[in-house]
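Accompanying notes for the structure given below.
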Amino acid sequence: MTAQTTHTVDAVVIGAGFGGIYAVHKLHHELGLTTVGFDKADGPGGTWYWNRYPGALSDTESHLYRFSFDRDLLQESTWKTTYITQPEILEYLEDVVDRFDLRRHFKFGTEVTSALYLDDENLWEVTTDHGEVYRAKYVVNAVGLLSAINFPNLPGLDTFEGETIHTAAWPEGKSLAGRRVGVIGTGSTGQQVITSLAPEVEHLTVFVRTPQYSVPVGNRPVNPEQIAEIKADYDRIWERAKNSAVAFGFEESTLPAMSVSEEERNRIFQEAWDHGGGFRFMFGTFGDIATDEAANEAAASFIRAKVAEIIEDPETARKLMPKGLFAKRPLCDSGYYEVYNRPNVEAVAIKENPIREVTAKGVVTEDGVLHELDVLVFATGFDAVDGNYRRIEIRGRDGLHINDHWDGQPTSYLGVSTANFPNWFMVLGPNGPFTNLPPSIETQVEWISDTIGYAERNGVRAIEPTPEAEAEWTETCTEIANATLFTKGDSWIFGANIPGKKPSVLFYLGGLRNYRAVMAEVAADGYRGFEVKSAEMVTV
Ligand code: FAD
Ligand code: NA7
């Protein structure tokens with residue numbers, strides 16, 4: 001064994017997506033801390049580095065899917081369409097990294113394998129897959145909430161002679177034109193990749209397990225005047241987004257769906273359908289679609305009628321027809337249902353006709369049919385929220401493993417910290433806000449950075465939440481979630497998409513405005529719910 005050099009820094013940041021980039025910027029440039037960032041990826045971008053599949057698009061409007069912290073950056077960045085594509089977001093994030101001279105603080109192509117708290121020294125010891133060891137007072141985890149891949153192990157998959165690709169590990173520029181392609185998964189990602197691949201592949205077989213409700217995204221070109229208008233109004237736009245629930249920039253409705261006539265209801269739904277946007281359809285039409293069953297059914301039946309109208313073959317429409325509650329992350333698409341009218345696209349309903357096995361030539365379903373394929377695409381999503389944490393050996397006070405601490409369910413205080421893990425912070429950890437994410441990420445990174453600044457100024461050696469505060473926050477998130485219909489729809493929002501993962505509340509569904517107020521109050525109240533140990537009090 002070769003002797004390892006141990007590097008000493010003030011802070012380690014894990015991840016180089018929106019969260020990690022901003023965290024390194026704040027800690028280094030504003031607090032003046034020596035900071036090193038790590039990412040497994042060979043460059044910055046996080047989500048947008050990995051998800052290079054055809055059709056990858058943000059479903060937050062372009063002008064709000066970005067950082068708001070720097071006025072000049074806001075004025076100088078631009079976009080072409082109302083929604084921003086993966087290559088453009090990646091380019092934007094790369095530009096941000098260069099603009100703030102952050103690249104030299106990151107070590108790319110480097111996976112953090114463990115983070116161990118050294119109780120006696122009040123330091124974290126972080127080890128990478130290159131065997132490097134870093135000691136730091138603070139660790140900021142920005143490891144992504146939709147980042148740990150879910151790759152189901154289908155029987156016989158290893159015998160497949162074609163290619164398998166997960167959408168979140170799509171090789172750059174990989175084209176499937178002219179190939180016979182199968183796609184498993186029809187969530188947000190599946191819909192995007194299916195819609196984009198359909199016109200260029202020879203044949204597309206879509207293995208549909210649970211059809212989902214989707215509305216048009218409404219992506220349109222924007223002209224320089226429209227962009228200038230937004231830029232002139234940016235202060236107000238961000239103010240409004242940060243003071244709303246889902247922070248998608250539209251006015252959120254408070255009108256109960258059943259308080260208007262059926263005709264008026266359908267007019268409002270149609271208007272939202274024509275405008276586009278999934279969150280807008282769910283939260284901009286009426287105020288109770290996510291909470292009231294009758295309102296929810298009204299929205300669901302409006303979408304079902306559209307599916308029946310768009311898909312010409314009634315049997316295909318039946319296979320694609322969503323059922324039950326409209327209570328998952330609302331989806332929007334660029335002509336997804338229309339794709340099934342193409343002669344080269346076939347839907348296989350795998351709940352009624354399950355996948356039996358994968359063979360050398362393709363996928364065999366229970367009815368004995370071999371669906372011959374050159375490529376099998378997995379759009380099967382992520383082990384969301386806690387997935388990446390559980391893949392690192394993280395041990396807090398007294399060697400407590402994060403997986404043991406989170407045995408029942410992943411928890412946190414305020415989505416940013418957890419008891420027994422001092423000076424250890426999370427961006428979009430369990431029970432953080434469920435919104436358009438950049439403004440929530442900024443809220444958390446700013447709060448974390450302020451807290452670290454407070455600790456540094458006040459000689460604080462260790463800050464961590466009390467178990468009671470964490471339990472209370474979990475209870476708050478559970479109560480809010482239980483008041484919605486989301487708990488009744490199985491999805492990654494509750495960890496219900498991963499076999500063996502215990503479904504539990506993973507988000508604070510109280511909205512960004514309320515979240516920001518709580519975060520501000522906790523800090524103003526002397527870090528209520530945190531145990532703050534000053535240098536003198538800590539036994540060394
Ligand atoms: P990420 O961007 O996920 O970055 C985390 C990084 O951490 C990754 O690069 C990963 O490699 C790295 N990492 C993890 N573990 C380790 C380790 N042990 N060692 C080293 N590096 C590690 N959100 C929206 O608000 N609007 C949208 O329209 C939207 N669209 C999306 C579309 C897709 C296809 C996906 C997958 C997600 C989408 N999201 C959207 C969610 C998106 O993840 C967030 O908006 C945001 O990009 C998250 O940024 P982040 O920095 O927190 O995490
Ligand atoms: P999702 O929303 O989790 O969708 C995954 C899809 O894959 C969904 O249709 C699943 O069906 C399907 N799936 C998952 N595992 C299997 C197996 N084993 N067999 C067949 N089908 C399977 O992930 P996305 O990537 O689309 O979206 C996640 C978020 O990332 C999204 O909200 C955006 O913000 C980006 P199921 O519904 O479980 O029956």
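Selection of first residues in segment 248-269 that are among the aromatic types (Phe, Trp, Tyr) and of second residues that are modelled with pLDDT of 95 or more and part of a loop (DSSP other than H, G, I, E, B), restricted to Cβ pairs under 7 Å at least 6 apart or on distinct chains, gives the following pairs, ordered by first then second residue: Phe248/Asn436; Phe269/Thr285. Of all the numbered requirements in (1) part of a helix (DSSP H, G or I); (2) modelled with pLDDT under 95, Ser504 misses one, and that requirement is (1). The condition (being within 23 Å of Glu61 (Cα to Cα) and either outside any loop (DSSP other than H, G, I, E, B) or of a type outside the set (Gly, Ala, Ser) (or both)) is satisfied by just one residue among Glu346, Glu338, Glu315, Glu309: Glu338.
Any residue at all in segment 169-183 that is within 11 Å of ligand 1 (Cβ to nearest atom) and open to solvent by less than 60 Å² (accessible area, probe 1.4 Å)? Looking for residues that are within 11 Å of ligand 1 (Cβ to nearest atom) and open to solvent by less than 60 Å² (accessible area, probe 1.4 Å), one finds at least one in segment 169-183, hence yes.
Among the strands (runs of 3 or more DSSP E) confined to segment 174-225, there are none with at least 2 residues that are touching a helix residue (DSSP H, G or I) at 6+ places or on another chain (Cβ under 6 Å) and among the polar types (S, T, N, Q).
Okay, residues lined up against (1) in a strand (DSSP E or B); (2) in the same structural domain as Pro199 (by TED's automatic domain parsing); (3) among the basic types (Lys, Arg); (4) near ligand 1 (Cβ under 9 Å from one of its atoms):
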{"position": "Gly45", "(1), (2), (3), (4)": "no, no, no, yes"}
{"position": "Tyr49", "(1), (2), (3), (4)": "no, no, no, yes"}
{"position": "Arg52", "(1), (2), (3), (4)": "no, no, yes, no"}
{"position": "Gly55", "(1), (2), (3), (4)": "no, no, no, no"}
{"position": "His63", "(1), (2), (3), (4)": "no, no, no, no"}
{"position": "Leu73", "(1), (2), (3), (4)": "no, no, no, no"}
{"position": "Thr78", "(1), (2), (3), (4)": "no, no, no, no"}
{"position": "Ile84", "(1), (2), (3), (4)": "yes, no, no, yes"}
{"position": "Ile89", "(1), (2), (3), (4)": "no, no, no, yes"}
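Taking segment 73-116 as the range and being more than 17 Å from Gly45 (Cβ to Cβ) and either surrounded by 18 or more Cβ atoms within 10 Å (Cβ to Cβ) or touching a residue at least 12 places away in the same chain (Cβ under 8 Å) (or both) as the test, the residues that pass are Leu74, Gln75, Thr78, Lys80, Thr81, Thr82, Tyr83, Val112, Thr113, Ser114, Ala115, Leu116. Annotation: Glu251 fulfils all but one of (1) open to solvent by 60 Å² or more (accessible area, probe 1.4 Å); (2) farther than 22 Å from Tyr508 by Cα; the unmet one is (2). Among the residues here, Ser440 does not qualify as of a type in the set (Gly, Ala, Ser), touching a Gly at 6+ places or on another chain (Cβ under 6 Å) and open to solvent by less than 40 Å² (accessible area, probe 1.4 Å). Which one is nearest to Thr443 (Cα to Cα), of the residues in segment 503-540 that are charged (D, E, K, R) and surrounded by 13 or more Cβ atoms within 10 Å (Cβ to Cβ)? Only one residue tops the list, namely Arg516.
What about Gly500, is it open to solvent by 80 Å² or more (accessible area, probe 1.4 Å), under 26 Å from Ala148 (Cα atoms) and not polar (S, T, N, Q)? Spelling it out, Gly500 is indeed open to solvent by 80 Å² or more (accessible area, probe 1.4 Å), under 26 Å from Ala148 (Cα atoms) and not polar (S, T, N, Q). Scanning segment 325-341 for residues that are within 22 Å of the chain's Cα centre (by Cα), aliphatic (A, V, I, L, M) and either farther than 13 Å from Ala299 by Cβ or within 16 Å of ligand 1 (Cβ to nearest atom) (or both) yields a single hit, Leu331. Scanning segment 34-53 for residues that are within 14 Å of ligand 2 (Cβ to nearest atom) and open to solvent by less than 40 Å² (accessible area, probe 1.4 Å) turns up Gly46, Trp48, Asn51, Tyr53. Residue-level check: of (1) near ligand 1 (Cβ under 10 Å from one of its atoms); (2) part of a helix (DSSP H, G or I); (3) farther than 29 Å from Val364 by Cα, Arg104 misses just (1).
The values are calculated or read from the model by the stated rules, or taken from the named source; none is laboratory data. What you are looking at is a predicted structure, and each value in this text was computed from that prediction instead of being measured. So basically every Cβ, Gly included, is an ideal-geometry build from the backbone, and we count neighbours across all protein chains shown. Protein only, heavy atoms only, side chains kept; ligands, DNA and RNA dropped before computing areas. Shrake-Rupley method; radii C 1.70, N 1.55, O 1.52, S 1.80 Å.
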